[in-house]
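*Asks:* Okay, here's the structure, questions in a sec.
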Amino acid sequence: MALPFPLLPTIAIPSLLLLLTLYILKRPKLPPGPRPWPIVGNLYQIKPIRFRCFYEWAQIYGPIISVWFGSTLNVVVSNSDLAKEVLKDKDQLLADRHRSRSAARFSRDGKDLIWADYGPHYVKVRKVCTLELFSPRRLEALRPIREDEVTAMVESIFRDCTQSDKRGKSLTVKNYMAAVAFNNITRLAFGKRFVNSEGVIDEQGIEFKAITTNGLKLGASLATAEHIPWLRWLFPLEEEAFAKHGARRDRLTKAIMEEHTLAREKGGAKQHFVDALLTLQDKYDLSEDTIIGLLWMITAGMDTTAISAEWAMAELIRNPRVQAKAQEELDRVIGPNRIMSETDFPSLPYLQCVAKEALRLHPPTPLMLPHKASANVKLGGYDVPKGSNVHVNVWAVARDPAHWCDPLEFRPERFFEEDVDMKGHDFRLLPFGAGRRVCPGAQLGINMVQSMLGHLLHHFEWAPPEGMKAEEIDMSENPGMVTFMTVPLTAVATPRLADVGLYKRVPVDM
């Protein structure tokens, strides 16, 4: 027997309300954020400088926001309390890594360290990095290489700024720093200097740079399709191109590995990373893919050290008071009759503060690589579903007025007032990350930046190009994962030391 029509609404409406209530109660409470568009999410609302865009949205929606890359939820946190929650309190549930199709191909599905999910492989490889590759003993053993390269930089700058036709002319600072970083990292990793004393790059060096450039092109070519799965048929993964790139990378790396294997058989193992990995291969059960992945992971430090030093020099030229104070310390500790060494760092606290302040204002990777939730997790009182990506806006955290006095001011003295760790123990300052995925090469990066700055300031006075005021230096950033200056820094270098011999390279053959 059918129900009388007037009774239908009285039954249907409460049922619908009950279903709606259950849906609302069971629906995850996601962080607030800009309203996403169908299919593309917020992709076309994101400005090119992502970390600044996310910072602006955080001012509207709060320090934890939802940003949709197509159908993928990305949660961005922008203060130190939430960073601590991500990187310490909930670290185990957020230690996996999102791999794009290109990252998966480059890393052989996470066979390296950067793109590996958290698990036995990651723990093993991280142990190799922490206890073997970046141990204090090995970094000290390789110090002569780093000091050789910074003296080569000084010699090059001195030659260029004292030529009669170039005296008083501006130099592109980035070029010298990039050369130091390139030579340093390739020598540390591969035990080879690809560039000779005349600045001519050899065949392997040309191939190395070509592989690096090609990798960047391949990685950028898939950006849009990564976030909209059903569009991927329009942007197919160029399997052949990735296969050729991988084969080319492997061919160069294996040739270098073979050279080191033969050299070790003749004269014993050296301290370079390639020698260390080949020596430790059996002990840690390292596959050839993992060794190759780790060596190329280390070369990723080329950009970040050069970028950090360039930003620091821009700030020092914009702030002549700070430059003069750092030089006064160098003159007092080092003097005019010798050059600085990394062993002088403990006696140069202001120089250390200058480097730290530059890394605070200009972290080379302002958005930490995304962590992936391996389970449903709560952050800041909101739900983050399994499979979501979580980003820490390192740039925003380090400029938070709740924790930093005059956060936009370049003032190294703030670290005399309060010593803030920058290797993952203090969540207000995270240029190298923190927790299970903290950068294992943090100390190497710090040493290289401090060494470049110390030599540049001890040997030279730095001023803006003729006709430009210090405050007119362009401090805007280029879009990308790492923050290059939009306009490369140019400056006039004037030698400070009377002894011309102190401007000579101190070469080391190792």
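*Asks:* Mind checking which helices (runs of 4 or more DSSP H) fall wholly inside the stretch 51-143 and carry at least 2 residues that are more than 22 Å from S287 (Cα to Cα) and touching a residue at least 40 places away in the same chain (Cβ under 8 Å)?
*Replies:* Values: elements: 80-84, 101-106, 120-128, 136-141.
In the stretch 51-143, 80-84, 136-141 are the helices (runs of 4 or more DSSP H) which contain 2 or more residues that are more than 22 Å from S287 (Cα to Cα) and touching a residue at least 40 places away in the same chain (Cβ under 8 Å).
*Asks:* A further question on this structure: What pairs come out if I take residues in the stretch 244-257 that are under 12 Å from R105 (Cα atoms) and pair them with residues that are open to solvent by 20 Å² or more (accessible area, probe 1.4 Å) and in a helix (DSSP H, G or I) whose C-beta lies under 6 Å away, six or more apart or interchain?
*Replies:* H245/N214
*Asks:* Which count do you get for residues in the stretch 464-481 that are out of contact with any helix residue (DSSP H, G or I) (no Cβ under 7 Å at 6 or more places or on another chain) and either closer than 28 Å to T162 by Cβ or open to solvent by less than 70 Å² (accessible area, probe 1.4 Å) (or both)? Let's see the steps before the verdict.
*Replies:* First, the residues of the stretch 464-481 that are out of contact with any helix residue (DSSP H, G or I) (no Cβ under 7 Å at 6 or more places or on another chain): 465-469, 472, 474, 476-481.
Checking the rest, the ones that are also either closer than 28 Å to T162 by Cβ or open to solvent by less than 70 Å² (accessible area, probe 1.4 Å) (or both) come to 465-469, 472, 474, 476-478, 480.
Here the count works out to 11.
*Asks:* Identify, please: which residue in the stretch 230-250 is at pLDDT 85 or above and among the basic types (K, R) and is, among those, most open to solvent (accessible area, probe 1.4 Å)? Steps first, please.
*Replies:* In the first step, residues of the stretch 230-250 are kept if they are at pLDDT 85 or above; the result is 244-250.
Among the residues that remain, those that are also among the basic types (K, R) are: 244, 248-249.
On the way: K244: 132, R248: 76, R249: 23 Å².
Top of the filtered list is K244.
*Asks:* Return the pairs, sorted by first residue and then second, in which the second residue is surrounded by 12 or more Cβ atoms within 10 Å (Cβ to Cβ) and of a type in the set (G, A, S), the first residue lies in the stretch 333-350 and is in contact (Cβ under 8 Å) with a residue 40 or more places away in the chain, the beta carbons are less than 7 Å apart, and the residues are 6+ apart or on different chains.
*Replies:* Every condition considered, the pairs that remain are M340/G454; E342/S451; L348/G454; Y350/A326.
*Asks:* Another question, if that's okay. If the requirement is being polar (S, T, N, Q), in contact with an Asp or Glu (Cβ under 8 Å, 6 or more places away or on another chain) and at pLDDT below 95, which of these qualifies: S100, S78? It would help to see each step written out before you state the result.
*Replies:* Working: S78 fails: at pLDDT below 95.
Step by step, each of S100, S78 is checked, and only S100 is polar (S, T, N, Q), in contact with an Asp or Glu (Cβ under 8 Å, 6 or more places away or on another chain) and at pLDDT below 95.
*Asks:* Condition (residue is of a type outside the set (A, V, I, L, M, F, W, C) and open to solvent by less than 70 Å² (accessible area, probe 1.4 Å)) applied to the stretch 49-63: is it met by at least one residue?
*Replies:* From the stretch 49-63, those of a type outside the set (A, V, I, L, M, F, W, C) are 50, 52, 55-56, 59, 61-63; that's our starting set.
Still in the running and open to solvent by less than 70 Å² (accessible area, probe 1.4 Å): 62-63.
Taking every residue of the stretch 49-63 in turn, at least one turns out to be of a type outside the set (A, V, I, L, M, F, W, C) and open to solvent by less than 70 Å² (accessible area, probe 1.4 Å).
*Asks:* A further question on this structure: Among the listed residues P320, P366, P431, which satisfies the condition of being touching a residue at least 40 places away in the same chain (Cβ under 8 Å), within 24 Å of T494 (Cα to Cα) and out of contact with any His (no Cβ under 7 Å at 6 or more places or on another chain)? Give the derivation first.
*Replies:* Values: P366 fails: within 24 Å of T494 (Cα to Cα); P431 fails: within 24 Å of T494 (Cα to Cα).
Only one candidate qualifies: P320.
*Asks:* Please find, among P431, P488, the residue that is outside any helix (DSSP H, G or I) and under 17 Å from L351 (Cβ atoms).
*Replies:* P431
*Asks:* Output the number of residues of the stretch 150-195 satisfying the condition of being within 23 Å of the chain's Cα centre (by Cα) and of a type in the set (V, I, T).
*Replies:* Going through the stretch 150-195 one residue at a time, the tally reaches 6.
*Asks:* If you don't mind, there's one more thing I want to ask. Is one or more of the residues making up the stretch 271-285 under 23 Å from R143 (Cβ atoms) and not in a helix (DSSP H, G or I)?
*Replies:* Here is the first cut: in the stretch 271-285, the residues under 23 Å from R143 (Cβ atoms) are 271-280.
From the residues that got through so far, the ones that are not in a helix (DSSP H, G or I) too are 271-272.
Among the residues of the stretch 271-285, at least one is under 23 Å from R143 (Cβ atoms) and not in a helix (DSSP H, G or I), which makes the answer yes.
*Asks:* Shifting gears a bit: Given (1) surrounded by fewer than 18 Cβ atoms within 10 Å (Cβ to Cβ); (2) modelled with pLDDT under 90; (3) among the small types (G, A, S); (4) within 24 Å of E288 (Cβ to Cβ), where does S221 come up short, assuming only one miss?
*Replies:* Just one mismatch for S221, condition (4).
*Asks:* If Y284 passes every condition in (1) modelled with pLDDT under 90; (2) over 21 Å from the mean Cα position of the chain (by Cα); (3) not acidic (D, E) but one, which one does it miss?
*Replies:* Going through the list (1) modelled with pLDDT under 90; (2) over 21 Å from the mean Cα position of the chain (by Cα); (3) not acidic (D, E), Y284 breaks only (1).
*Asks:* Now, a different point. Can you tell me which residue is farthest from D81 (Cα to Cα) among those in the stretch 415-432 that are surrounded by fewer than 22 Cβ atoms within 10 Å (Cβ to Cβ) and touching a Cys at 6+ places or on another chain (Cβ under 7 Å)?
*Replies:* The qualifying residue farthest from D81 (Cα to Cα) is F416.
*Asks:* Kindly indicate which of E140, E198 is under 16 Å from M448 (Cα atoms), over 20 Å from the mean Cα position of the chain (by Cα), charged (D, E, K, R) and open to solvent by 60 Å² or more (accessible area, probe 1.4 Å).
*Replies:* Working: E198 fails: under 16 Å from M448 (Cα atoms).
Going through E140, E198 in turn, just one is under 16 Å from M448 (Cα atoms), over 20 Å from the mean Cα position of the chain (by Cα), charged (D, E, K, R) and open to solvent by 60 Å² or more (accessible area, probe 1.4 Å): E140.
*Asks:* Given the conditions (1) modelled with pLDDT under 95; (2) open to solvent by less than 40 Å² (accessible area, probe 1.4 Å), report the number of the one that T151 does not fulfil.
*Replies:* T151 satisfies every listed condition except (1).
*Asks:* Looking at (1) in a helix (DSSP H, G or I); (2) among the β-branched types (V, I, T); (3) more than 30 Å from R248 (Cα to Cα), find the lone condition where T305 falls short.
*Replies:* (3)
The values are calculated or read from the model by the stated rules, or taken from the named source; none is laboratory data. It should be emphasised that the depicted structure is a prediction, and the values quoted were computed from it without experimental measurement. Ideal geometry is used to build each Cβ from the backbone, glycine not excepted, and the neighbour counts take in all protein chains shown. Surface areas here come from the heavy atoms of the whole protein model, side chains and all, with no ligands, DNA or RNA. Shrake-Rupley method; radii C 1.70, N 1.55, O 1.52, S 1.80 Å.
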